[in-house]
Amino acid sequence: MWLRMLLSNVQAVVTEHPQPYKKMGEHGYVCPWVEKEYGGPGMGFEYSVIIIEEMAYAGVYGLMAGLHSDIVAPYIHSFGNKEQKKK
């Protein structure tokens with residue numbers, strides 16, 4: 001079900017919304033691997049790969065969502081304290 005929603009919504013969510021990162025977060029497209037305890041959907045890293053692939057298929061490149069979700073955020077996840085992780 002999640003994948004079906006992603007496939008049908010990725011372009012609309014990312015390109016047609018005035019605050020795409022906020023909307024992506026609401027749909028679970030940002031940092032899908034983050035645990036529910038810290039506000040994430042609690043899915044695996046493989047979902048990040050699927051999201052980035054679908055964004056590429058939709059022609060969405062400018063947001064650099066993969067950079068934020070899969071390169072920057074893991075540093076906070078690994079080295080941040082609980083308060084920082086909850087943000």
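The values are calculated or read from the model by the stated rules, or taken from the named source; none is laboratory data. As the structure is a computational prediction, the values presented were derived from the model and not from experiment. Note that we place each Cβ from the backbone using ideal geometry, even for glycine, and neighbour counts take in every protein chain shown.
In the set Gly42, Gly59, only one residue is of a type in the set (Gly, Ala, Ser), at positive phi, out of contact with any His (no Cβ under 7 Å at 6 or more places or on another chain) and touching a residue at least 24 places away in the same chain (Cβ under 8 Å); that residue is Gly59. When restricted to residues that are more than 18 Å from Ile76 (Cβ to Cβ) and in contact with a His (Cβ under 7 Å, 6 or more places away or on another chain), region 10-39 contains 2. Would you confirm whether or not region 30-42 contains a residue that is among the β-branched types (Val, Ile, Thr), in a helix (DSSP H, G or I) and modelled with pLDDT of 80 or more? There is no residue in region 30-42 that is among the β-branched types (Val, Ile, Thr), in a helix (DSSP H, G or I) and modelled with pLDDT of 80 or more. Scan region 55-70 for residues that are over 12 Å from the mean Cα position of the chain (by Cα) and in a helix (DSSP H, G or I) and report the count. So the count comes out to 2.
With respect to (1) assigned to a helix (DSSP H, G or I); (2) of a type in the set (Ser, Thr, Tyr); (3) modelled with pLDDT under 90, the lone exception for Ser78 is condition (3).
Looking only at residues in region 31-87 that are charged (D, E, K, R) and touching a Lys or Arg at 6+ places or on another chain (Cβ under 9 Å), the one that is surrounded by the most Cβ atoms within 10 Å (Cβ to Cβ) is Glu35.
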